[in-house]
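*Asks:* Structure provided below as structure tokens; questions to follow.
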Amino acid sequence: MQDGEWPSVVVVIPARNEAETIGAVAKSHLANDYQGRLDLIVVDDQSSDGTGELVRALDDNRAHVIAGKDLPHGWSGKLWAVNNGLEAAKKIAPDADYVLLTDADIEHAPGTLAKLVTKAVREEQAMVSIMAVLDTRGFWGGLLMPAFIFFFQKLYPFPAINNPASKIGGAAGGCMLIERKALEAIGGVETIKGDLIDDCALGKALKDPKGAKRSIWLGFDEGIVSLRDNRELHTIWKMVARTAFTQLQFSSFLLIGSVIGMALTYLVAPIAFLTLPLHGSILAATLGALAYFGMTLAYTPTLRRYKKSQLWALILPLSAVVYMMMTVSSALNHWRGRGGAWKGRTYS
């Protein structure tokens, strides 16, 4: 695309008590070298930490702060804030061709928007989504965040999502560039208003609206970076426990099945190999060693993407155990009436 041919884009960011990161994130969008029109809408979702003021202080006429309205019944907080932003965009950027839905802790490099738009236009994609580079510092970040990407890709295989013939839809909520006409055609985010795993729900809705196939794409880009600090276990635990039981459709049977399945997949093989002196079966140990090796081999590309040592693959079973515990914790929170707890809200 040449200068003057770039589609206009409106960026919508829901932000609830995001003072720690919103300043840097907003600056990254406004510093973008995109050649088309760009508007930034930050929905201050009733923050108490000055989130909105930090964006207003940037004093850029492309940046707009919208006060989030009271949350109505049936909506998740994030999607309601996004909906507020989309409604505001009808006045602020009525002619925008694309909407970029992103998060208040996702920083964008200067050239990423141009790459997203180019791919969307040239390949006629209804949505182009990027899995942000996650913080893997410290023991817990190294143990759990590459594993998060590894397990996510098992639930939502990128090649299947990117294949128009596949029924699997998905996305990464930190960065979703969506053709505005496609979003309006499915009724906007209201069609998924109660979903806690809103990114994947939106990807599925965009890909297969009443049988009319649309192309969507999900991939990686080093220029999309999460500023969320993952060095503490409780931070990761809250993030996963918020939606893990939702992923299992709030089913006790699926919970039991997933725990058993994870144990069989990630624990039996290394235990069989490492406990040879106890059971004395060369065959069991050999098969366990082969399966253990295959597991570490499958995990290698994810570790390389995050520039982590191959030694982390040896403790992938430990990562699996922690995720099993977080999933059970998610179910317990739901049963106690504290499901989906996030930013002071619960969704039972």
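Results for (1) crowded, with 20+ Cβ neighbours inside 10 Å; (2) assigned to a helix (DSSP H, G or I); (3) hydroxyl-bearing (Ser, Thr, Tyr); (4) within 16 Å of the chain's Cα centre (by Cα), shown as yes or no for each residue.
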position: Ala165; (1), (2), (3), (4): no, no, no, no
position: Gly173; (1), (2), (3), (4): yes, no, no, yes
position: Ile178; (1), (2), (3), (4): yes, no, no, yes
position: Asp229; (1), (2), (3), (4): no, no, no, yes
position: Thr235; (1), (2), (3), (4): no, yes, yes, yes
position: Phe250; (1), (2), (3), (4): no, no, no, no
position: Gly261; (1), (2), (3), (4): no, yes, no, no
position: Ile271; (1), (2), (3), (4): no, yes, no, no
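*Asks:* Restricting region 209-227 to residues that are among the charged types (D, E, K, R) and crowded, with 17+ Cβ neighbours inside 10 Å, which is modelled with the highest pLDDT?
*Replies:* Checking each candidate, the answer is Asp221.
*Asks:* In the set Ala57, Ala88, Ala114, Ala31, which member is out of contact with any helix residue (DSSP H, G or I) (no Cβ under 9 Å at 6 or more places or on another chain), among the hydrophobic types (A, V, I, L, M, F, W, C) and open to solvent by 50 Å² or more (accessible area, probe 1.4 Å)?
*Replies:* The conditions single out Ala31.
*Asks:* Let me ask another. Among (1) open to solvent by 50 Å² or more (accessible area, probe 1.4 Å); (2) modelled with pLDDT under 95; (3) small (Gly, Ala, Ser), where does Gly337 come up short?
*Replies:* With (1) open to solvent by 50 Å² or more (accessible area, probe 1.4 Å); (2) modelled with pLDDT under 95; (3) small (Gly, Ala, Ser) applied to Gly337, the lone miss is (1).
*Asks:* (1) in a loop (DSSP other than H, G, I, E, B); (2) open to solvent by 40 Å² or more (accessible area, probe 1.4 Å); (3) closer than 19 Å to Ala241 by Cβ: which one isn't true of Trp140, the others all being true?
*Replies:* So the condition that Trp140 fails would be (1).
*Asks:* Would you check which residues across region 324-348 are assigned to a loop (DSSP other than H, G, I, E, B) and either among the hydrophobic types (A, V, I, L, M, F, W, C) or on the phi > 0 side of the Ramachandran plot (or both) and list them?
*Replies:* Across region 324-348, the qualifying residues are Gly337, Gly340, Ala341, Lys343, Gly344.
*Asks:* Let me ask something else about it. So which residues in region 23-69 are among the acidic types (Asp, Glu), touching a residue at least 12 places away in the same chain (Cβ under 8 Å) and out of contact with any His (no Cβ under 8 Å at 6 or more places or on another chain)?
*Replies:* Residues satisfying the conditions are Asp33, Asp44, Asp45, Asp49, Asp60.
*Asks:* Just the residues that are more than 23 Å from Pro94 (Cα to Cα) and open to solvent by less than 20 Å² (accessible area, probe 1.4 Å), please, taken from region 34-52.
*Replies:* Thr51
*Asks:* Ok, one more. Check region 197-207 and report whether any residue there is open to solvent by 20 Å² or more (accessible area, probe 1.4 Å), in contact (Cβ under 8 Å) with a residue 12 or more places away in the chain, farther than 26 Å from Val133 by Cβ and in a loop (DSSP other than H, G, I, E, B).
*Replies:* no
The values are calculated or read from the model by the stated rules, or taken from the named source; none is laboratory data. Everything numeric here is computed off the predicted structure, so don't read it as measured data. Reconstructed Cβ throughout: ideal geometry from the backbone, glycine too, with neighbour counts over all protein chains shown. Calculation scope for accessible area: heavy atoms of the full protein, side chains included, ligands and nucleic acids excluded. Shrake-Rupley method; radii C 1.70, N 1.55, O 1.52, S 1.80 Å.
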